[in-house]
Amino acid sequence: MKTLFATAVLVGCIATASADVIATNLVVKAGASATLTFPTREAATAEVALLTFQARLASPRVGGSTYAMRLQLNGQPLEPEHIINKPRTLTMRDGRQLGWFASPGWRVPYAPDFAVQEKSKSSISTADPESHRWTFDVTRLLRPSGNRLVIAAVPNLPLTSPLTLGPIELTFKPSEFVKRVKWEEEEEPVWTGPSLFVPAKTHRVDYRATPRGERALRVKVGAESFDIESEFRCADPKAFRVKRSVRSQAECVEVTDTIENLTDGDIGLMIHHRVPLAGRKVESLHLCGWPKALKEGSQHQAMHPSVFVATETGGFALLARDDVFRVHCRSALEGGVASINDERFGLAPRARYTMRWNFFPVPSRDYWNFVNAARRALDVNFTLDGPMGFISTPRASAPKPTDAELKAFADNRGLRYACATIPYADKAPYRYLHGTGYLEADGWATRSKELLQRLVKLRPGLIPVTYFHEFCSTENGSPEKYRDARILHQDGTQANYPYSYPLPLFCPTLDNSYGRAAPSFFDWARQAVGARGIYWDEMDGTSETFSFDGRWDGHTVFMDPKTLKIRQKPAMITLLSQEWRIKQAKDILRWGPLIANGQPQTESMMRVHFLRFVETGDINHLIHAQLYTPVGLGDHLTEKTEKDIARQIRAHLRFACLYYYYGGHIKTTYPQLTSRMYPFTPIELRPGVLIGKERILAVRSGTFGWGDRSKHEVHAFDETGREAPDFKAETSERDGTTLTELRLAKGWTAAIVRK
């Protein structure tokens, strides 16, 4: 066997190895890199050179994963085109799908060793038997004269765990014995028969709800009955009273509980609404919209505060509705009991608060029937327009984009909105100018206005908008200037957004200094930047959930779990800032469109209708958009080509979501499905099929219509995202309704436009 000699540069350490092993047991600190040099021979004909190793992020226990490793061999990045033992996605034991690779690098699991993942039953462990092993085909990258392998531990904030690697080996195998795992995701199968997609004209579930005492309810659906039991616990059981009202609606039961503090002091309550399954077998479980393969667990997500359970005989869902319950809600299925819970509820002396929640009977046991019923109950099926694309303002010394480049950027994306990105300083210290930091924007505004005006001229009807973030302010001296609005940690220190330099965080209210100063941004945006609308980043919350500066939101407390006595009264950022945010949103909507990042976390915010998307660095985040505006931003981590955009659009449709473009880094040369995607007023959402008043969007074959005689115009797009002008779809009339039959090949999508 030929001997290989390697040198590993590991923060000052030198390692050598022999035989087929290039290096062993390497540890690379976060933000550092290891450089290995080694000789080798050329691969023979019909022979493949394989670079294999194990990797993990050192952790005392199994703990999920993150993008943490970047590799280069002889100056060439080792990316998906070289991997042979991994699919595009990593599957967690709870069913969650995560991408293996993105622009920061390769995803690496946290673990104490390389064997524990296979034995672990934790929901955050991986179901992939080779989750720690990487095998790359490096045949064309090797150099007999000498090779240089660089392994970098990506400094993803707040990553501190070292990257630990097992034996790094180079082997040669006959190509016939090398098995390659398909990297691209499997597309929808070709058409195999008619599946009918026509929205129902009426929506009603046949059920009967009967109160059983003051704090229990029985819902009978056919032969099935569900008992809902409520519990209100307080340190002093006589310190409060609850008045309940139950109302039966077309598709759900609405329960309101008015809670009154009868004392002269603050009180805390733990509130639970439980549905015992009484021995029923769970067939599927969704917590906050997330499918749970283990069929148990708990989760918190204010954008989707729900639990859905399907058993062999029926299904149901619980949904928190009021502002406080939504942001506090813990959804769970534990010990055979499904529940929604508020374990942080506080009430001021002599105060009252009304909580609202729904019980949805779902006799079909279809999760998406619940989603669509909830959307109707929430009244969120309003018209969505788009798409939007972000465009960066060049620095003063950088070349300007040509008219041809700008026109291609806007036209091939089919843009309705173009957004100038985060303002930045032209002078040292160079930094982003968030919030009231815009006061120091010097030349950025002038260049942005000129850029946006050119786009509007080149694409008539396009609406220019600009970026805003209310919680960050990089204005010089902001922590002192807006001292009464600072977001503070429990130790009293200023909270900063996690970034490479400080981004101080503030919580605006109608009566604090930052809340009074920040709205001047919107006048500046209209006048100096020429914006006709606003894009609002992280609208309902930021990297900090609570502030410990002495302010209280009136309803959030930390309690002793045994005595239920209040330990602390923090302010929940979402609740504390809500009145201010609603006022600004309504003011903006009087003069232009508003688009936001993040779905509403409260019912009050949800009632102010405007488009909001979610980011998709993790594609599963599209789940959070199911109960408001089903729109996702493109994935800046994995999209590099137009074909990647087409793949991401298909992924969005499978999550029943529309698509908004991320950045302008991808040169687009032809229109894609987004050119036929908007406007869209949701009627019914299904994985792979979105039915709106104006159009139906599909990534699967079937027969589609609206149940009326409207005419249909079909536009189909191939796997690269290009429109196929010769595509034929059969449209017919049956029983007085127009139906279109789509037979889509793998990777194809279509829009049926209603005429």
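The values are calculated or read from the model by the stated rules, or taken from the named source; none is laboratory data. Everything quoted here is computed from the prediction, not taken from an experiment. Heads up, the Cβs are rebuilt from the backbone with ideal geometry, glycines too, and the neighbour counts pull from every protein chain shown.
Counting only helices (runs of 4 or more DSSP H) wholly contained in the range 366-461, the ones carrying 2 or more residues that are of a type outside the set (D, E) and surrounded by fewer than 16 Cβ atoms within 10 Å (Cβ to Cβ) occupy 444-458. When the residues of the range 119-158 are filtered to those that are touching a Gly at 6+ places or on another chain (Cβ under 8 Å) and under 25 Å from V62 (Cβ atoms), which remaining residue is surrounded by the most Cβ atoms within 10 Å (Cβ to Cβ)? Among residues in the range 119-158 that are touching a Gly at 6+ places or on another chain (Cβ under 8 Å) and under 25 Å from V62 (Cβ atoms), the one surrounded by the most Cβ atoms within 10 Å (Cβ to Cβ) is A153. Residues in the range 482-495 include at least one that is of a type in the set (S, T, Y) and surrounded by fewer than 23 Cβ atoms within 10 Å (Cβ to Cβ). Taken over the range 326-354, the criterion of being aliphatic (A, V, I, L, M), in contact with a Ser or Thr (Cβ under 7 Å, 6 or more places away or on another chain) and in contact (Cβ under 8 Å) with a residue 60 or more places away in the chain is satisfied by V327, I340.
Annotation note: of G736, G721, G692, the sole residue that is small (G, A, S), under 29 Å from D366 (Cα atoms) and modelled with pLDDT of 95 or more is G692. Here I666 meets each of (1) free of Cβ contacts under 8 Å to residues at least 40 places away in the same chain; (2) part of a loop (DSSP other than H, G, I, E, B); (3) surrounded by 23 or more Cβ atoms within 10 Å (Cβ to Cβ) with one exception, condition (3).
The residues of the range 36-63 that are under 24 Å from Y110 (Cα atoms) and either part of a loop (DSSP other than H, G, I, E, B) or among the small types (G, A, S) (or both), listed by number, are A55, A58, S59, P60, R61, V62, G63. Taking E214, is it modelled with pLDDT under 95 and either in contact with a strand residue (DSSP E or B) (Cβ under 9 Å, 6 or more places away or on another chain) or surrounded by 14 or more Cβ atoms within 10 Å (Cβ to Cβ) (or both)? So E214 passes the test. At pLDDT 90 or above and in the same structural domain as P60 (by TED's automatic domain parsing): is that true of L141 in this structure? For L141, the condition - at pLDDT 90 or above and in the same structural domain as P60 (by TED's automatic domain parsing) - is met. With respect to being closer than 27 Å to N372 by Cα and surrounded by fewer than 16 Cβ atoms within 10 Å (Cβ to Cβ), R607 fits the description. Condition check for P109 on (1) closer than 13 Å to L57 by Cβ; (2) not in a strand (DSSP E or B): one failure, at (2).
Could you give every pair whose Cβ atoms fall below 7 Å, whose first residue belongs to the range 442-458 and is modelled with pLDDT under 95, and whose second residue is of a type in the set (G, A, S), counting only separations of at least 6 or pairs across chains? Close Cβ pairs (under 7 Å, with a partner that is of a type in the set (G, A, S)) amount to D442/A425; G443/A396. Note on the range 652-683: residues that are outside the structural domain of N597 (by TED's automatic domain parsing) and under 18 Å from R612 (Cα atoms) amount to 8. Filtering the range 703-718 to residues that are assigned to a strand (DSSP E or B) and either modelled with pLDDT under 95 or within 17 Å of Y659 (Cβ to Cβ) (or both) leaves H715, A716, F717. When the test is whether a residue is basic (K, R), under 25 Å from K292 (Cα atoms) and in a loop (DSSP other than H, G, I, E, B), R700 passes it. Consider G99 carefully, then state whether it is farther than 23 Å from V28 by Cα and not aromatic (F, W, Y). Spelling it out, it is not the case that G99 is farther than 23 Å from V28 by Cα and not aromatic (F, W, Y). Looking at the range 633-653, which of the residues that are in a loop (DSSP other than H, G, I, E, B) and either more than 17 Å from G747 (Cβ to Cβ) or in contact with a Ser or Thr (Cβ under 6 Å, 6 or more places away or on another chain) (or both) is modelled with the lowest pLDDT? If we take residues in the range 633-653 being in a loop (DSSP other than H, G, I, E, B) and either more than 17 Å from G747 (Cβ to Cβ) or in contact with a Ser or Thr (Cβ under 6 Å, 6 or more places away or on another chain) (or both), then L637 is modelled with the lowest pLDDT. The single residue among T542, T563, T574, T509 that is buried (at least 22 other Cβ atoms within 10 Å of the Cβ) and either part of a loop (DSSP other than H, G, I, E, B) or over 27 Å from the mean Cα position of the chain (by Cα) (or both) turns out to be T542.
Comparison of R88, R148 shows that the only residue that is within 18 Å of S33 (Cβ to Cβ) and either of a type in the set (K, R) or out of contact with any Leu (no Cβ under 9 Å at 6 or more places or on another chain) (or both) is R148. How do the pairs read when you match residues in the range 289-304 that are acidic (D, E) with residues anywhere that are surrounded by 16 or more Cβ atoms within 10 Å (Cβ to Cβ) and part of a loop (DSSP other than H, G, I, E, B), using Cβ under 9 Å and keeping only pairs 6 or more apart or on different chains? Matching pairs, first to second residue: E296/S123.
Checking the stated criteria, V307 turns out to be outside the structural domain of E603 (by TED's automatic domain parsing), under 20 Å from the mean Cα position of the chain (by Cα) and assigned to a strand (DSSP E or B).
Picking from residues in the range 676-703 that are under 18 Å from Y628 (Cα atoms) and of a type in the set (S, T, Y), the one that is surrounded by the fewest Cβ atoms within 10 Å (Cβ to Cβ) is T681. The residue that is modelled with the highest pLDDT, counting only those in the range 8-36 that are polar (S, T, N, Q) and buried (at least 16 other Cβ atoms within 10 Å of the Cβ), is S33.
Here's the yes/no breakdown for (1) within 21 Å of K407 (Cα to Cα); (2) modelled with pLDDT under 95; (3) of a type in the set (A, V, I, L, M, F, W, C):
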residue: W591; (1), (2), (3): no, no, yes
residue: G598; (1), (2), (3): no, no, no
residue: T616; (1), (2), (3): no, yes, no
residue: N620; (1), (2), (3): no, yes, no
residue: L627; (1), (2), (3): no, no, yes
residue: V631; (1), (2), (3): no, no, yes
residue: A656; (1), (2), (3): no, no, yes
residue: R676; (1), (2), (3): yes, no, no
